[in-house]
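Quick notes on the structure that follows.
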Amino acid sequence: MSTINEVAALASVSPMTAARILAGKSLRSKSRERVLQCARKLDYVRNQQAANLRTGRSRLIGVMVPFIDNPFYTKFLQEMHDALGAQGYQSLIACSFGESSSMLAAVSLFETYHVDGIVLDISEGVVTREVQKRLQALQRRARSVVVTGTQQHDIGYDHLYLDNHSAIAKVMRHLLSRSHRELGFIGGFEGNPNIENRLDGFRHALRKAGLPINPEWISLGNPALGVLPQRVNRLLRARKRPTAIVCTSDMIAMVVVKAAYEAGLRVPQDLAVTGFDDIEQASLLNPSLTTVRQPLRAMATDIVDLLLRGLGTKRVPIQEKRFEADLVIREST
């Protein structure tokens, strides 16, 4: 493998000049094209680790999500990858699995790789005191921390969130406009901030419409595909069932649609179904799924902006950003 000294000698410049040009600096240098040609001729590969040691930066951002196999988080990670890449950064991915111990392990992993910043989706799990200490230590070392996945407003870090109340209000207005007055709700684990916010929005919309809240038509629990059908079937096969079901994810909604057909119900004639997230499969379902679309590209771009803004030693005021979702109306309602 060729060295920077060999490139510099072939280009008749100093090693420092060659290093600056190959690092993307000195764009107006008269020697720039000659250095780049010599580097290509020698198959020179820049030693990024050495450059990181000199600058104190890794150009790595740690991104923690609850689950990688959830299509929503897969899509979020892709948007984060693209937004970071546009700024010359790479992502290091970890999962919390909804467990505080795994969240701590993820932060420890990021520290091992000397990341420049961390993005934490805390929609599953709790930020423990130990995790807080580690995040605060990172900030003292001029690393940036951005939190997402919750509507809390007392977070001590830059954070952004989707307005779940507004999103569910759009879903409910749509269903009410279709004359549905008996509505059910199926979501993930109780205690999940996003699930709780969406349920609050559901209840608020029913009260605003003067409709009763039937506890038997609200189901929270394990959203895993192995156990979810049992919850869905209990609701659909009850003596009296809702005419529309609001789901907190597209995956849950897909299970509801499948269970409805197995119970001899037509969607949307006998049962309207809505999802949340607008994953790619939502438009491919038959019938296609009415759902809520999160502005993931804009969110990822703003997360990166917050990260870069927080880098360095200068402390800046904490920023909070709120996003609105769009209702995508399709055949399931």
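Less than 25 Å apart at the alpha-carbon level, and either on another chain or at least 8 residues along: which lysines does that give for K30?
Filter leaves K41.
Could you tell me which label, among (i) 31, 24, 19; (ii) 27, 24, 20; (iii) 49, 21, 17, carries the value of semi-axes √(5λ) of the Cα gyration tensor in Å calculated for this structure?
Comparing each candidate, only (iii) matches the computed number.
Checking the cross-link filter: which lysines have an alpha carbon closer than 28 Å to that of K75, excluding same-chain neighbours under 8 positions apart?
K170, K258, K321
What's the angle, to the nearest 10 degrees (0 to 90), between helix 193-208's Cα axis and the longest principal axis of the chain?
40 degrees
Per residue of region 94-100, what does 6.51 cos²θ - 1.76 cosθ + 1.60 with θ = phi - 60° give for ³J(HN,Hα)? Whole Hz please, x for Gly and Pro, Karplus curve as stated.
Those phi angles translate into 9, 10, 9, 6, x, 10, 5 Hz.
So how do 63-76, 237-250, 320-333 stack up, highest first, on mean other-Cβ count within 10 Å?
Taking the mean over residues of other Cβ atoms within 10 Å, the ranking is 237-250, 63-76, 320-333.
Can you list the residues, at least 5 places off or on another chain, whose amide H is less than 5 Å from the amide H of S219, using H built in the peptide plane?
For S219, whose amide H was placed from the backbone, the distant partners under 5 Å are F185, I186, G187.
So what J values fall out for region 221-233 if you push phi through Karplus, 6.51 cos²θ - 1.76 cosθ + 1.60 with θ = phi - 60°, rounded to Hz, Gly and Pro as x?
x, 5, x, 4, 4, x, 10, 4, x, 5, 5, 5, 5
So in the chain, what percent of DSSP beta bridges are antiparallel if you round to the nearest 5?
Beta bridges within the chain, antiparallel portion: roughly 10 percent.
Could you state the number of Å between the C-alpha centres of region 73-89 and region 248-325?
17 Å
Read-outs: derived from the displayed coordinates by stated rules, not from any lab. Everything numeric in this text was worked out from a predicted model, so none of it was measured. Please note: Cβ atoms are built from the backbone with ideal geometry, for glycine as well, and neighbour counts cover all protein chains shown.
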